[in-house]
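Let me begin by presenting the structure, written as structure tokens, before commenting on it.
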Ligand code: KIV
Ligand code: ZN
């Protein structure tokens, strides 16, 4: 197992903080291609999913959930291709020296798990992620099974997954509304059956930060065998609390976070990768963890996901919204001109936003356009491709006052699809 590692051993002495001498590695599990794709109206082609996975690998994501292989032939192909083509790549991970782990989702049945394994197993590092609901409301109305049956099914599924794959994650769906002691029971059983990561989804975004943090703490302290596994957060944003809940989970012992780019996902979405990463980076004293994300690639990954998924990023979205680093009021502009930190807590270039002050429009020249292409990851166009892109840009600029990064990505992908 050349790339196997125990995340429990991922500790380092912090060189950046004095108050937290030992920091654990925070595992970034990205589910843009699975939970993110469950956003209403989003469907990505297999090629688009592979392209997003390549960007996630460059970004330094630790684990990507590439899809739900049993869901459709297209999902199976996407996961299998990502496992085969992106799974072996070291890109973006030189510091760590291992590629991104590829995971697939499966319900707690042998058929699902087998299909999932067929899709992910071509990657050097892979994971089976299986789940079962645990709240009484789901057991009674959706699954129509007892708690005892729920435990039996979960343990059986995990044992089967473990017979195929060393790395098995189990999620207790709707944990946020589940009975804590029942969660301890079922989680203790799946640890015995071989689960290596336990994920605690707040599936309907119901909890508050205090409540979610307390839940993680209770489970970590009261589940038999708890110290053998990685605890993971998975928060939905129905109350706008997904990032806050995730951070509270970290404070209380979680060392994996499940996130999506731009926070896309079912209903109001999932916790956004960029918010969690920049929050722990901005506040190293509050969070006893470090990440290995290449943060200057955040913005270009965000624009790619937005343009391929067709889900615009709201302008005032934290970290990646077009307004996130713009200063409108005179007082703020004056402050920033005197010293950037008067009104900026993050340097835009740290998340890959350059040239925030240059607005592209019909008067912009080649250099400004080229420089924006470089920022967006298209610095390698040949002369002919560049010329065509520039001409399309000028045509568009005649009918639109301000050309956004999304417009540029749209015209580049148009050009690529025309060959
Ligand atoms: O929100 C949820 O419960 C999920 C699980 C399937 C992990 O996405
Ligand atoms: Zn979810």
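The values are calculated or read from the model by the stated rules, or taken from the named source; none is laboratory data. What you see is a predicted model; the values in this text were computed from it and never measured. All Cβ positions, even for glycine, are placed from backbone atoms using ideal geometry, and neighbour counts span all protein chains on display.
Only a single criterion out of (1) buried (at least 17 other Cβ atoms within 10 Å of the Cβ); (2) within 16 Å of ligand 1 (Cβ to nearest atom); (3) assigned to a helix (DSSP H, G or I); (4) touching a residue at least 40 places away in the same chain (Cβ under 8 Å) is not satisfied by residue 169, namely (3).
When the range 36-51 is filtered for residues that are in a loop (DSSP other than H, G, I, E, B), within 15 Å of the chain's Cα centre (by Cα) and closer than 19 Å to residue 73 by Cβ, nothing remains.
Looking only at the range 384-402, decide whether some residue is assigned to a loop (DSSP other than H, G, I, E, B) and surrounded by 15 or more Cβ atoms within 10 Å (Cβ to Cβ). If you could, list the steps in order and put the result at the bottom.
First, the residues of the range 384-402 that are assigned to a loop (DSSP other than H, G, I, E, B): 400-402.
Still in the list and also surrounded by 15 or more Cβ atoms within 10 Å (Cβ to Cβ): none.
No, the range 384-402 contains no residue that is assigned to a loop (DSSP other than H, G, I, E, B) and surrounded by 15 or more Cβ atoms within 10 Å (Cβ to Cβ).
Scanning the range 314-335 for residues that are crowded, with 17+ Cβ neighbours inside 10 Å and at pLDDT below 95 yields 322, 324, 325, 327. Quick check on the range 140-159. Is at least one of its residues within 16 Å of ligand 1 (Cβ to nearest atom), over 20 Å from residue 252 (Cα atoms) and part of a loop (DSSP other than H, G, I, E, B)? Checked the range 140-159: no residue is within 16 Å of ligand 1 (Cβ to nearest atom), over 20 Å from residue 252 (Cα atoms) and part of a loop (DSSP other than H, G, I, E, B).
Within the range 230-314, which helices (runs of 4 or more DSSP H) (wholly inside it) include 3 or more residues that are within 15 Å of ligand 1 (Cβ to nearest atom) and within 21 Å of residue 169 (Cα to Cα)?
Once the helices (runs of 4 or more DSSP H) in the range 230-314 are filtered for at least 3 residues that are within 15 Å of ligand 1 (Cβ to nearest atom) and within 21 Å of residue 169 (Cα to Cα), what remains is 242-251.
Please go through the range 269-283 and pick out each residue that is surrounded by fewer than 24 Cβ atoms within 10 Å (Cβ to Cβ) and within 16 Å of ligand 2 (Cβ to nearest atom). 269 - this is the single residue of the range 269-283 that is surrounded by fewer than 24 Cβ atoms within 10 Å (Cβ to Cβ) and within 16 Å of ligand 2 (Cβ to nearest atom).
Within the range 170-191, take every residue that is within 16 Å of ligand 2 (Cβ to nearest atom) and touching a strand residue (DSSP E or B) at 6+ places or on another chain (Cβ under 7 Å) and give me the one that is farthest from residue 248 (Cα to Cα).
Residues of the range 170-191 that are within 16 Å of ligand 2 (Cβ to nearest atom), as a first pass: 170-178.
Narrowing further to those that are touching a strand residue (DSSP E or B) at 6+ places or on another chain (Cβ under 7 Å): 170-176, 178.
Working: 170: 21, 171: 18, 172: 18, 173: 19, 174: 18, 175: 15, 176: 14, 178: 18 Å.
Checking each candidate, the answer is 170.
Among the residues in the range 243-263, are any at pLDDT below 95 and over 15 Å from the mean Cα position of the chain (by Cα)?
Residues of the range 243-263 that are at pLDDT below 95, as a first pass: none.
No.
Do we have residue 89 as touching a helix residue (DSSP H, G or I) at 6+ places or on another chain (Cβ under 8 Å), assigned to a loop (DSSP other than H, G, I, E, B) and free of Cβ contacts under 8 Å to residues at least 40 places away in the same chain here?
On the way: touching a helix residue (DSSP H, G or I) at 6+ places or on another chain (Cβ under 8 Å): yes; assigned to a loop (DSSP other than H, G, I, E, B): yes; free of Cβ contacts under 8 Å to residues at least 40 places away in the same chain: yes.
Answer is yes for this residue.
If I filter the range 311-331 for residues that are in contact (Cβ under 8 Å) with a residue 24 or more places away in the chain and more than 18 Å from residue 278 (Cβ to Cβ), do I get at least one hit? Scanning the range 311-331, I find at least one residue that is in contact (Cβ under 8 Å) with a residue 24 or more places away in the chain and more than 18 Å from residue 278 (Cβ to Cβ), so the answer is yes.
Considering the range 244-253, the residues that are buried (at least 24 other Cβ atoms within 10 Å of the Cβ) and away from ligand 2 (no atom under 15 Å from the Cβ) include one that is farthest from residue 315 (Cα to Cα), namely 250.
If only residues of the range 127-138 that are more than 16 Å from residue 110 (Cα to Cα) and either within 14 Å of ligand 1 (Cβ to nearest atom) or within 20 Å of the chain's Cα centre (by Cα) (or both) are counted, the one that is surrounded by the most Cβ atoms within 10 Å (Cβ to Cβ) is 134.
Comparison of 213, 205, 194 shows that the only residue that is modelled with pLDDT of 95 or more, away from ligand 2 (no atom under 16 Å from the Cβ) and on the phi > 0 side of the Ramachandran plot is 194. Being assigned to a helix (DSSP H, G or I) and farther than 24 Å from residue 376 by Cβ is the filter here, so list the residues in the range 337-365 that pass it. The answer is 337, 338, 341, 342. The numbered conditions (1) surrounded by 22 or more Cβ atoms within 10 Å (Cβ to Cβ); (2) within 19 Å of residue 199 (Cα to Cα); (3) touching a helix residue (DSSP H, G or I) at 6+ places or on another chain (Cβ under 8 Å) are all true for residue 266 except (1).
The residues of the range 196-229 that are assigned to a loop (DSSP other than H, G, I, E, B), surrounded by 17 or more Cβ atoms within 10 Å (Cβ to Cβ) and in contact with a helix residue (DSSP H, G or I) (Cβ under 7 Å, 6 or more places away or on another chain), listed by number, are 203, 204, 205, 206, 207, 223, 229. Look at residue 352 and say whether it is within 16 Å of ligand 1 (Cβ to nearest atom), within 29 Å of residue 40 (Cβ to Cβ) and surrounded by 18 or more Cβ atoms within 10 Å (Cβ to Cβ). No; evaluated as a whole, the condition is false for this residue. Which residues, counting only those in the range 109-150, are in contact (Cβ under 8 Å) with a residue 24 or more places away in the chain and within 15 Å of residue 174 (Cα to Cα)? Hits for the range 109-150 are 130, 131, 132, 133, 134, 135, 136, 137, 138, 147, 150. Number of residues in the range 47-56 that are surrounded by fewer than 24 Cβ atoms within 10 Å (Cβ to Cβ) and more than 10 Å from residue 304 (Cβ to Cβ): the value is 2.
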